[in-house]
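Scroll down for the structure; my scribbles are underneath it.
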Amino acid sequence: MTNNVNIITVFDATIFTLLADHLHEGRQNPVVITMREIMAALMGEELLENIPDKPVQVIVTNEARMFGAINIYNEDCIKQVQEKLHANNFYVLPSSKHEVICVPTDGIEIDDLLTMVTDINRTQVKKENRLGDFVLYYDGDTRQLVKVAENI
């Protein structure tokens, strides 16, 4: 089941490419994982004993790590994000068409997030993999995902 949100408004024309080419593939085996879990898998849990367990970032993708950003519209994934962040509401950063990054809303300025997304898109993400320079907000009470900031 998807959220009651107009995805065309959120992602503009870029979503058409993502949907047309990879909707089915992207929705296969969704994954919601914390940065700590990724680091533990790469480095081993024992090296992370001094790092707090409370997640700061949660990644939404799929097992293949390909075209998994669409899973932010999967209600089960959203529930997992809320559980892992211990938050009803959160921001969504469009990392690429392969994944999105979810962060808690407390203590974070939207303008700082927008600057980070824009800078990373320009320096780290191939143009064909970008979803755009914007920040989304998920409201757990209304179950709406809306664009709250954008660089045009």
* To do: Determine whether residue 88 is surrounded by fewer than 18 Cβ atoms within 10 Å (Cβ to Cβ) and either modelled with pLDDT of 70 or more or of a type outside the set (Gly, Ala, Ser) (or both).
  => yes
* Just one of the numbered conditions (1) surrounded by 17 or more Cβ atoms within 10 Å (Cβ to Cβ); (2) more than 9 Å from the chain's Cα centre (by Cα); (3) small (Gly, Ala, Ser) is not true of residue 96; which one? -> (2)
* Structure fact -> Picking from 20, 13, 41, the residue that is surrounded by fewer than 21 Cβ atoms within 10 Å (Cβ to Cβ), closer than 23 Å to residue 119 by Cα, over 14 Å from the mean Cα position of the chain (by Cα) and modelled with pLDDT under 75 would be 13
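The values are calculated or read from the model by the stated rules, or taken from the named source; none is laboratory data. From a predicted model like this one, the values you see are computed outputs, not experimental measurements. With ideal geometry, Cβ positions are generated from the backbone for all residues, glycine too; neighbour counts draw on all protein chains shown.
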